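Engineer: Pasting in a structure now, in structure tokens, and then I'll have a few things to ask.
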Amino acid sequence: MSKTDALLVDLATLVESGRSNQMSLTVVTGGTVITGRLAPEAVWRERVSEVLADSARLGAFAAVFTNERPADGPPRHLHFHVARILQGTVGIPETGGMYRVAIEDVSAWTVGDFSYSDN
């Protein structure tokens, strides 16, 4: 978006104000559709750090996600968890992934997540 969508920023701000991870959202960014639930950045960072820490090869990167920076203004990113990239009738990855999307890169969005078929 050439101009950040104030409504989307308000939604992200509300998600950031609590520790809820139940807000479902679908966005289009760079021609890709991502659908899933939003999480506050702190919750998202914690989960990514846990996943990396459990990996023998990637454990050293876990600390990068535990270094929280104080917010300087409204949120600039959406933090998806249990999310999928929609490709045709399939959601990738099947188990859901962790995505960080710059709000300014969102070209379209809707509340709720899209259904897909993994058959």
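Engineer: List the extent of the Cα atoms of region 18-119 along each of their three principal axes, largest first, rounded to whole Å.
Structural biologist: 36, 36, 25
Engineer: So, taking all protein chains as they sit and a 1.4 Å probe, how much accessible area belongs to Leu7, in Å² rounded to tens?
Structural biologist: Result for Leu7: roughly 110 Å² accessible.
Engineer: Please give the Cα centre distance for region 1-50 versus region 51-72, rounded to the nearest Å.
Structural biologist: Centre-to-centre distance over Cα atoms comes out at 19 Å.
Engineer: Given the DSSP H assignment, sum -39500 (n - 2.57) over each helix run of at least 4 residues in the chain and divide by its residue total; what's the result at 222 nm in deg cm²/dmol, nearest 500?
Structural biologist: Per the formula, -6500 deg cm²/dmol.
Engineer: Moving on to the next point. Please identify, among Ala71, Ala108, Ala53, the residue showing maximal mean-square fluctuation in a Gaussian network model of the chain using a 10 angstrom Cα cutoff.
Structural biologist: Ala71
Engineer: Over region 13-119, with every protein chain in place, what whole percent of the accessible area is carbon and sulfur at 1.4 Å, could you tell me?
Structural biologist: Heavy-atom surface of region 13-119 belonging to carbon and sulfur, 1.4 Å probe: 53 percent.
Engineer: Scanning the chain for trypsin sites (Lys or Arg not before Pro) in DSSP loops with at most 13 other Cβ atoms within 10 Å, what's the longest stretch left with none?
Structural biologist: 58-119
Engineer: Can you list which of the chymotrypsin sites (Phe, Trp or Tyr not before Pro) found in region 1-102 are DSSP loop residues with at most 11 other C-beta atoms within 10 Å?
Structural biologist: none
The values are calculated or read from the model by the stated rules, or taken from the named source; none is laboratory data. Remember, it's a predicted structure, so these values are computed and weren't measured experimentally. For neighbour counting, all protein chains shown are included, and Cβ atoms are generated from backbone atoms with ideal geometry for every residue, glycine included. The accessibility values were calculated without ligands, DNA or RNA, using every heavy atom of the protein model including side chains. Shrake-Rupley method; radii C 1.70, N 1.55, O 1.52, S 1.80 Å.
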